[in-house]
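Q: Starting off with a structure, shown below.
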Amino acid sequence: MKTENERKCPLAKKCGGCQLQNMTYEEQLSFKQVKVIRLLGNFHHVDEIIGMEKPYNYRNKVQAAFGRTRGGKIISGVYQSTSHKIVCVDECMIEDKKADEIIVYIRKILPQFKLDVYNEDTRRGFLRHILVKRGFASNEIMVVLVAGTSVFPSKKNFIDNLLKKFPEITTVILNVNNFKTSLVLGKEEKVLYGKGYIEDTLCGCKFRISAKSFYQINPVQTEILYNKAIEFAELSGKEKVIDAYCGIGTIGIVAAKNGAKEVIGVELNSDAVADAKINARINDIENIKFYNADAGKFMVDMAENNQRADVVFMDPPRAGSDKNFLSSVVKLSPKKIVYISCNPETQKRDLFYLVKNGYKVKKIQPVDMFPHTNHVETVVLMSRVKD
């Protein structure tokens, strides 16, 4: 007998993106709670997971691959989790509805404008992917056409047609990626319409989002996650804060606005640092500085120059942090570490290291950032054990 969730998504088994389709949402939350307790429960009590009131259509970033079936029909959708085969998707229960509508419409009008999809084997054709980003608060929409070539026949007519159908689109970008790669976006980019970016509001701060910017895909839960991280830090107006892996500056700017005396954001991606600096200006935040550097080396240099930080926010990728980075945190010796993780398995490994090197876990809060999937986000507060 099919569950309600399985009836909602007939592509669940083909796609493989939502691994918990066979569970009710309450069962999913229980499953994730148990998972976090199993992995992190030995460090400290795990607070009850924070779920979503409406756990559907939460993804404000949607990307679709384009291709053809053996019969020649144009399809768009997601790559099957176990292969490079495209599963054709018209609508998805976790993706933004408007984004899905835009992608399906573009697929429909390609033949009208004599535009073909890109063939990875022959390296011919035009459209490879579409990326849509929507500002949850602003409702601004960015459409990125990822093409195998910069040659775009009937460009003006195509864009005019798209904007007539979807006047809420605020910017359109052509991204050229003609390499044989699993990466969606290439380096070359051209703004075809609008400003070339969208803006959104998170935790009372405004952020500029470009095509290549990393921005959390579930803004409702991101606000909860970031507010919990700020709460854990207990900023009083006296603290010097490091935002490691700062990206476009989201958590650092929120901290700078909500009680930190001084914030330093460190990020290796130069494009993200450029966006972060703009975001600080947009929000009139003057007590934050961003540096394009390796965060680990940056903190080691600070420690060797007898500089200190009171709080370190760290939000590493799924692989977690390496020992070089963790040892640099220990060397800097902040009073508190607020560790945000999208993978409690690698977080467990990193917490072991930090506990062995003078820190104690004080709080653990799971947040369901990605309903219907295996993934769970956690924010952990650690404090330095007194010497």
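The values are calculated or read from the model by the stated rules, or taken from the named source; none is laboratory data. Just so it is clear, the structure is predicted and the values come from calculations on it, not from any experiment. Cβ: placed from backbone, ideal geometry, glycine included. Neighbour counts: every protein chain shown.
Q: Just for region 171-212: of the residues that are hydroxyl-bearing (Ser, Thr, Tyr) and in a strand (DSSP E or B), which one is nearest to ILE159 (Cα to Cα)?
A: The residue in question is TYR193.
Q: Next question. Out of curiosity, is LEU163 buried (at least 16 other Cβ atoms within 10 Å of the Cβ), under 30 Å from ASN269 (Cα atoms) and hydrophobic (A, V, I, L, M, F, W, C)?
A: When the stated conditions are applied, LEU163 does not pass them.
Q: I've got another one for you. Would you be able to say whether some residue in region 307-318 is more than 20 Å from TYR353 (Cα to Cα) and in contact (Cβ under 8 Å) with a residue 40 or more places away in the chain?
A: yes
Q: Output the residues belonging to region 341-387 that are touching a strand residue (DSSP E or B) at 6+ places or on another chain (Cβ under 9 Å), in contact (Cβ under 8 Å) with a residue 40 or more places away in the chain and farther than 16 Å from ILE37 by Cα.
A: Hits for region 341-387 are VAL355, MET369, PHE370, MET382, SER383, ARG384.
Q: Looking at region 134-155, can you tell me whether even one residue there is part of a strand (DSSP E or B), among the basic types (Lys, Arg) and at pLDDT 95 or above?
A: Yes, there is a match, as at least one residue in region 134-155 is part of a strand (DSSP E or B), among the basic types (Lys, Arg) and at pLDDT 95 or above.
Q: Within region 366-384, work out how many residues are among the hydrophobic types (A, V, I, L, M, F, W, C) and assigned to a strand (DSSP E or B).
A: 5
Q: Might you check whether a residue that is acidic (Asp, Glu) and under 18 Å from ASP275 (Cα atoms) occurs anywhere in region 166-180?
A: The answer is no, given that none of the residues of region 166-180 is acidic (Asp, Glu) and under 18 Å from ASP275 (Cα atoms).
Q: Pull up region 195-242, narrow it to residues that are over 17 Å from the mean Cα position of the chain (by Cα) and basic (Lys, Arg), then point me to the one that is surrounded by the most Cβ atoms within 10 Å (Cβ to Cβ).
A: Step by step, filter region 195-242, then rank; the result is LYS228.
Q: Let me ask something else about it. Given (1) out of contact with any Gly (no Cβ under 7 Å at 6 or more places or on another chain); (2) outside the structural domain of ILE94 (by TED's automatic domain parsing); (3) buried (at least 21 other Cβ atoms within 10 Å of the Cβ), where does GLY67 come up short, assuming only one miss?
A: Of the numbered conditions (1) out of contact with any Gly (no Cβ under 7 Å at 6 or more places or on another chain); (2) outside the structural domain of ILE94 (by TED's automatic domain parsing); (3) buried (at least 21 other Cβ atoms within 10 Å of the Cβ), the odd one out for GLY67 is (2).
Q: Can I ask one more? Any idea which residue in region 338-352 is surrounded by the most Cβ atoms within 10 Å (Cβ to Cβ), counting only those that are more than 18 Å from GLY247 (Cα to Cα) and out of contact with any Pro (no Cβ under 9 Å at 6 or more places or on another chain)?
A: By that ranking, first place goes to LEU351.
Q: Can you run down the residue pairs with Cβ atoms below 7 Å, 6 or more apart or on separate chains, where the first is in region 43-64 and among the β-branched types (Val, Ile, Thr) and the partner is surrounded by fewer than 18 Cβ atoms within 10 Å (Cβ to Cβ) and assigned to a loop (DSSP other than H, G, I, E, B)?
A: none
Q: In addition: Consider region 265-301. How many of its residues are of a type in the set (Gly, Ala, Ser) and touching a helix residue (DSSP H, G or I) at 6+ places or on another chain (Cβ under 8 Å)?
A: 5
Q: Report whether or not ILE282 is of a type in the set (Val, Ile, Thr), crowded, with 17+ Cβ neighbours inside 10 Å, farther than 14 Å from PHE214 by Cβ and touching a residue at least 12 places away in the same chain (Cβ under 8 Å).
A: no
Q: Could you look through region 253-274, keep only residues that are surrounded by fewer than 24 Cβ atoms within 10 Å (Cβ to Cβ) and charged (D, E, K, R), and pick out the one that is modelled with the lowest pLDDT?
A: Here the residue is ASP271.
Q: Given the structure, is LYS240 charged (D, E, K, R) and in the same structural domain as LYS297 (by TED's automatic domain parsing)?
A: yes
Q: Select from region 169-188 the residues that are more than 23 Å from VAL78 (Cβ to Cβ) and at pLDDT below 95 and write down the one among them that is surrounded by the fewest Cβ atoms within 10 Å (Cβ to Cβ).
A: Per the criteria, the residue is LYS187.
Q: Also: Here's a check for you: in region 324-352, which residue that is over 20 Å from ALA260 (Cβ atoms) and among the charged types (D, E, K, R) is nearest to the chain's Cα centre (by Cα)?
A: GLU345
Q: Looking at SER236, SER210, which one is out of contact with any helix residue (DSSP H, G or I) (no Cβ under 7 Å at 6 or more places or on another chain) and hydroxyl-bearing (Ser, Thr, Tyr)?
A: Result: SER236 is the single residue among SER236, SER210 that is out of contact with any helix residue (DSSP H, G or I) (no Cβ under 7 Å at 6 or more places or on another chain) and hydroxyl-bearing (Ser, Thr, Tyr).
Q: Which one is nearest to CYS92 (Cα to Cα), of the residues in region 9-44 that are among the hydrophobic types (A, V, I, L, M, F, W, C) and surrounded by fewer than 18 Cβ atoms within 10 Å (Cβ to Cβ)?
A: MET23
Q: For region 1-119, please list each of the helices (runs of 4 or more DSSP H) lying entirely inside it that holds at least 3 residues being over 25 Å from ARG134 (Cα atoms).
A: Once the helices (runs of 4 or more DSSP H) in region 1-119 are filtered for at least 3 residues that are over 25 Å from ARG134 (Cα atoms), what remains is 4-8, 25-40.
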